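Just below is one structure, and these are the notes that go with it.
What follows is calculated from the coordinates using simple rules that are stated; it is not laboratory data. Please read all numbers here as calculations on a predicted model, not as lab measurements. Positions of Cβ are generated from backbone atoms using ideal geometry, with glycine treated the same way; all protein chains shown enter the neighbour counts.
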Amino acid sequence: MSFAECLREQLETREAIVSGDAPATLLLVEHPPTLTLGRRAAPSDVLWSRDELAARGLEVCETPRGGEATLHAPGQLVCYPIVSVGRQIRAHIVRLAEVTMEVLSAHGVPQAEFRMSTPGVFTPRGKIASIGIHVSRGVTVQGISINVDVDETLFRSLISCGSPDMSLVSLRDFAPEDTFSLESLSHEWAERYAEAAGYDLRLS
């Protein structure tokens, strides 16, 4: 799903949740190549020219989440819980990271850790998942993007999260022989998140 279309769906779902017309919702998607610019992003965070972006089919979109620039691309699992968090924003961010670390650990990623300074999950070889959310009236949108098997050349298109020296890695780098798929990982993540957050999971 395109990033812009998915963001519209998240914002519409948030309005429905706030008005009591929709349950807590979890969207699990894969985006086409997109650079998203959070509220603290600078134009210089995009390293490729317009021609280079166009040649690789990379779209640039603004987003209401915090943070700087983030890459979305095929081979990345993006998890968007649209849920009521009230003032427990840090707890929500930590839960996103902890669930992700459980999934990564189950597939052989060693020593993954959460860092709040540049919110996401890091391995000894680089950042593997990025977190960025937006909360309004106690309900959150956006979430966490997990690099599963991303074309590493796309990582050169941006300064990720405002850190020029940051290395980005994928799950496939640690588990070249694993038979996981994006779909199987999405179900695994959803089940672990629902259990951790106390929701009954209904697939649609």
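Relative to the compact globular guide of 2.2 N^0.38 Å, what is the alpha carbon radius of gyration of segment 141-192, as a ratio? Rg over 2.2 N^0.38 Å, computed on Cα atoms: 1.32.
Annotation note: trypsin sites (Lys or Arg not before Pro) in segment 155-204 located in DSSP loop regions with a Cβ neighbour count of at most 13 within 10 Å are Arg202.
The magnitude of the dipole of the chain, with charges of +1 and -1 set on the Cβ of Lys/Arg and Asp/Glu and taken from the Cα centre, is near 780 debye. For the chain, what does the alpha-carbon gyration tensor say about shape, rounded, prolate or oblate, given a ≥ b ≥ c as the root eigenvalues, a/c under 1.5 as rounded, and a/b over b/c as prolate? Verdict is oblate for the chain. By its C-alpha gyration tensor, with a ≥ b ≥ c as the square roots of the eigenvalues, how is segment 24-140 shaped: rounded for a/c under 1.5, else prolate for a/b larger than b/c, else oblate? Since a/c reaches 1.5 but b/c is at least a/b, the shape of segment 24-140 is classed as oblate.
In segment 94-197, Rg over Rh equals 0.96, where Rg is the alpha-carbon radius of gyration and Rh the Kirkwood radius from pairwise Cα distances.
Within segment 1-43, list the trypsin sites (Lys or Arg not before Pro) lying in a DSSP loop whose Cβ has at most 14 other Cβ atoms in a 10 Å radius. Listed in order of number, the matching sites are Arg39, Arg40. Close amide H partners of Glu59, meaning residues 5 or more places away or on another chain with modelled amide H under 5 Å apart, are Thr34, Leu35.
Answer with one residue from Gly66, Leu26, Val169: the one whose Cα lies farthest towards the positive end of the charge dipole of the chain, charges on Cβ with Lys, Arg +1 and Asp, Glu -1. With unit charges placed on the Cβ atoms, the residue in question is Gly66. Stretching Met1 away from Ser167 to a fully extended chain increases their span by 57.1 nm, per 0.36 nm per residue minus the current alpha-carbon distance. Our coupling estimate for segment 194-203, obtained by passing each phi through the Karplus curve with A = 6.51, B = -1.76, C = 1.60 and θ = phi - 60°, is 4, 5, 5, 8, x, 10, 7, 9, 10, 7 Hz, Gly and Pro reported as x.
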